1. Rounded to the nearest 20 debye, what is the charge dipole size of the chain about its Cα centre when +1 sits on each Lys and Arg Cβ and -1 on each Asp and Glu Cβ?
2. Rg(Cα) of region 100-175 divided by 2.2 N^0.38 Å?
3. Once R0 is set to 35 Å, what does the formula 1/(1 + (r/R0)^6) return for the Cβ-Cβ distance between T101 and A61, expressed as a FRET efficiency to the nearest 0.05?
4. Quick one: which residues, 5 or more positions from T135 or on another chain, have an amide H under 5 Å from its amide H? H modelled 1.01 Å from N in the peptide plane, none for Pro or chain starts.
5. In a Gaussian network model over the chain where Cα atoms closer than 10 Å are linked, find which of K18, K164, K114 has the largest mean-square fluctuation.
6. Calculate the dipole size of region 80-177 relative to its Cα centre from +1 charges on Lys and Arg beta carbons and -1 charges on Asp and Glu beta carbons; express the result in debye to the nearest 20.
7. Restricting to Cα atoms and excluding each atom paired with itself, what does the Kirkwood estimate give for region 1-51 in Å?
8. Rounded to a whole number of µm²/s, how large is the Stokes-Einstein D of the chain at 37 °C and 0.692 mPa s, given Rh as the Kirkwood radius over C-alpha pairs?
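Coordinate-derived values only; no laboratory data. Here the structure is a predicted model, which means the values were calculated and not measured. Because the Cβ atoms are built from the backbone with ideal geometry, glycine has one as well, and the counts that use them run over all protein chains shown.
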Amino acid sequence: MLNLLPQEDKKKLVTDYKLRFSTTTAAFICILLIVAIVGLLPAYLSRRSEMQSLMEQKQQADAQNSEASLQEAGRLAAENQVLVAFLGKRVDALRQAPATTAIIQGVLDKKTNKVTLTSLEVSGNQVSVRGVAETRANLIAFHEALRQNPLFKNSILPISDLAKSVRVEFSIAITLP
């Protein structure tokens, strides 16, 4: 092809073309960025306000939880103090009360061959002794032997248990001091 343009004009034309192309490309990119910003700005603002709202709700919930936690901790501390006081009283009462093994051993020490025990129940400061005596005299002797022990001085043998003279079924109620 024939070169109708001189070299200098050709160079100038190429630089003008490159300049126009660069300017058009830069303008297109700027317009694209502006459209993107305008398009995404409402979503960004919406998310931002939603995040702020959630953060405020979280702070309010934390404040309420901490107040509620402090109140709950205070209530539990008060309940624990009452429970500790109650348990302290129970422990003192149990220390003062005779041991169950001492009670059982005390009853078994007074038992003779003529008296058979069927049950021995210890509940708090109440003791119930049930059994069968061969004769009324054996039962009375067993009851008197029990009453000689200071723990069992408040023992009660119902008169109805003395109605039979042989194979006497009995139930002795003992109130511990």
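1. Values: 21 positive and 16 negative charges, 75 e Å.
Value, rounded to 20: 360 debye.
2. Working: Rg = 11.3 Å, N = 76, 2.2 N^0.38 = 11.4 Å.
Against the empirical 2.2 N^0.38 Å value, I get 0.99 for region 100-175.
3. Plugging the Cβ-Cβ distance into 1/(1 + (r/R0)^6) gives 0.05.
4. Here the answer is R167, V168, since their amide H atoms fall under 5 Å of that of T135.
5. K18
6. Values: 12 positive and 7 negative charges, 11 e Å.
Dipole magnitude for region 80-177 comes out near 60 debye.
7. Working: mean 1/r = 0.0695 Å⁻¹.
Result for region 1-51, one decimal place: 14.4 Å.
8. In µm²/s, the coefficient rounds to 125.
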